[in-house]
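Notes to accompany the following structure.
The values are calculated or read from the model by the stated rules, or taken from the named source; none is laboratory data. These numbers were taken from a predicted model, which means no experiment stands behind them. Positions of Cβ are generated from backbone atoms using ideal geometry, with glycine treated the same way; all protein chains shown enter the neighbour counts.
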């Protein structure tokens with residue numbers, strides 16, 4: 001892996017699990033590529049899942065995805081510096097906010113469900129907001 005300084009333990013799974021991880025990787029790549037053109041469908045999280053699955057099933061596909069000219073840069077930014085682009089942050093936080101508001105005003109009859117959902121959404125929102133938005 002020419003650009004992966006961490007060499008994130010590309011360790012193959014057992015022979016039985018390898019086809020599962022390979023299939024999961026390709027399904028995630030397809031969903032990630034669809035996410036490039038479909039608004040609201042994330043791209044990078046699916047590609048991160050694909051990268052992880054390929055790390056368990058195929059060094060060749062892992063290297064291909066990690067070093068891909070279009071799909072690779074956000075993966076490398078995340079792997080090397082923990083970068084979440086501003087566009088992804090805005091989309092994630094907006095989706096969380098809309099979901100919580102929908103629950104508060106459209107579903108919940110009392111405060112219990114919104115409180116539980118808010119308690120589940122706040123930690124990932126804090127994590128997302130505290131990551132850098134651009135590589136150094």
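Just one of the listed residues (6, 11) is part of a loop (DSSP other than H, G, I, E, B) and either modelled with pLDDT of 90 or more or under 19 Å from the mean Cα position of the chain (by Cα) (or both), namely 6. Please indicate, with yes or no, whether at least one residue in the range 92-104 is out of contact with any helix residue (DSSP H, G or I) (no Cβ under 8 Å at 6 or more places or on another chain) and under 20 Å from residue 132 (Cα atoms). Yes: the range 92-104 contains one or more residues that are out of contact with any helix residue (DSSP H, G or I) (no Cβ under 8 Å at 6 or more places or on another chain) and under 20 Å from residue 132 (Cα atoms).
Scanning the range 74-106 for residues that are closer than 16 Å to residue 35 by Cα and part of a helix (DSSP H, G or I) yields 74, 75, 87, 88, 89, 90, 91, 92, 95.
Here's the yes/no breakdown for (1) under 20 Å from residue 134 (Cβ atoms); (2) at pLDDT 95 or above; (3) surrounded by fewer than 18 Cβ atoms within 10 Å (Cβ to Cβ); (4) under 16 Å from the mean Cα position of the chain (by Cα):
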site	(1), (2), (3), (4)
29	no, yes, no, yes
32	no, no, no, yes
39	no, no, yes, yes
46	no, no, no, yes
55	no, no, no, yes
62	no, yes, no, yes
75	yes, no, no, yes
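Is there a residue being under 23 Å from residue 11 (Cβ atoms) and either modelled with pLDDT of 95 or more or touching a strand residue (DSSP E or B) at 6+ places or on another chain (Cβ under 7 Å) (or both) anywhere in the range 115-127? No, that holds for no residue.
Condition check: more than 30 Å from residue 11 (Cβ to Cβ) and out of contact with any helix residue (DSSP H, G or I) (no Cβ under 6 Å at 6 or more places or on another chain). Does residue 81 satisfy that? No.
Apart from one condition, residue 41 fits all of (1) part of a helix (DSSP H, G or I); (2) without any contact (Cβ under 8 Å) to a residue 60 or more places away in the chain; the exception is (1).
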